[in-house]
Amino acid sequence: MMYTVEKANLISEQLRRFTTGYAHHVAGQFANIEFWLHEVQESIKTIDEYNKRFNNIRDEQKKWIDAHGTVVYDYCSICGEKCELSEGNGNPPPPVRASSNELKAVRKELIDSTYFFLLRCYRMRLLTKNMLEIKCEEIGTSIDPSDLEK
C-alpha cells in the first residue's frame with residue numbers, strides 16, 4: 001500500500017477510535033485537537049498533490065533509465081540474484097499510479113472520520129456550534145443540520 005493512502009487510513013482509524021471511545025479518552029484527545037486537525041489537513045494536501053508527485057517520480061525515473069541504460073534482468077530462483085543467462089528484459093516498468101477512485105475514497109473517509117470525531121466533541125460540549133463550524137470548514141466539509149439534533 002502506498003504511503004499517501006496508509007497515512008490517511010491511519011489517521012482515519014485513530015479518529016474513529018476517538019469517536020467511539022470512552023468520554024475521558026475523547027476529552028484527552030480533544031486537548032490535542034489542533035494537532036489532529038493539522039494531521040488531517042496535511043494528509044488531505046498529500047492526497048490532493050499526489051498526481052504532481054507521481055508525475056515527478058515517473059519523469060525522473062524515465063530520465064534516469066534513458067541516461068544510464070538501465071536494464072531489468074530475469075530473477076534466478078536458484079541463487080536469488082539476477083540470472084546470468086538472462087539478456088535482460090528491457091527497461092524497468094514505469095511506476096504504478098494509484099487510482100483516482102481509491103484516492104477519492106480515502107480522502108472522503110478521512111474527512112468523514114474527522115467530522116464524526118468533531119461531532120462527538122460537540123455533543124460532549126467540548127466544542128460550541130460556532131467552533132464546530134470553524135473546525136469543519138478547516139477540513140473542507142459542512143455540517144448536516146440533522147446531526148446536531150441527535
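Where a number appears in this text, it was derived from the coordinates with a stated rule and is not lab data. Just so it is clear, the structure is predicted and the values come from calculations on it, not from any experiment. Cβ placement follows ideal geometry from the backbone for every residue including glycine, while neighbour counts extend to all protein chains displayed.
Structural remarks
- Label point 7 Å beyond Cα of ARG16 along Cβ direction - residues of region 109-137 with amide nitrogen under 16 Å: 109-118
- Cα shape, region 1-42, gyration tensor, a/c 1.5 rule: oblate
- Over the chain, Cα pairs under 8 Å with separation of 6+ residues give a relative contact order of 31 percent.
- The alpha-carbon of LYS52 sits under 15 angstrom from the alpha-carbons of these aspartates and glutamates, leaving out residues fewer than 8 places away in its chain: GLU60.
- In summary, the aspartates and glutamates within cross-link reach of LYS104, defined as a Cα separation below 20 angstrom excluding same-chain residues under 8 places away, comprise GLU6, GLU13, GLU39, GLU42, ASP48, GLU49, ASP112, GLU137, GLU138.
- Size of region 17-117 from its Cα atoms: along the principal axes, largest to smallest, the extents are 65, 33, 22 Å.
- Modelled FRET efficiency - R0 30 Å, SER100 with THR128, Cβ distances, 0.05 increments: 0.20
- Alpha-carbon geometry of region 79-145: the Rg and the Dmax are 23.7, 71 Å, given in that order.
- Near HIS38: Cβ cut-off under 11 Å, other residues only, Lys/Arg at +1 and Asp/Glu at -1. The net charge is -3.
- Rounded to the nearest 20 debye, the dipole magnitude of the chain is 520 debye, with +1 charges on Lys and Arg beta carbons, -1 on Asp and Glu beta carbons, and the Cα centre as origin.
- Among SER77, PHE35, ILE57 - extreme Cα towards positive end, dipole of the chain, charges at beta-carbon: PHE35
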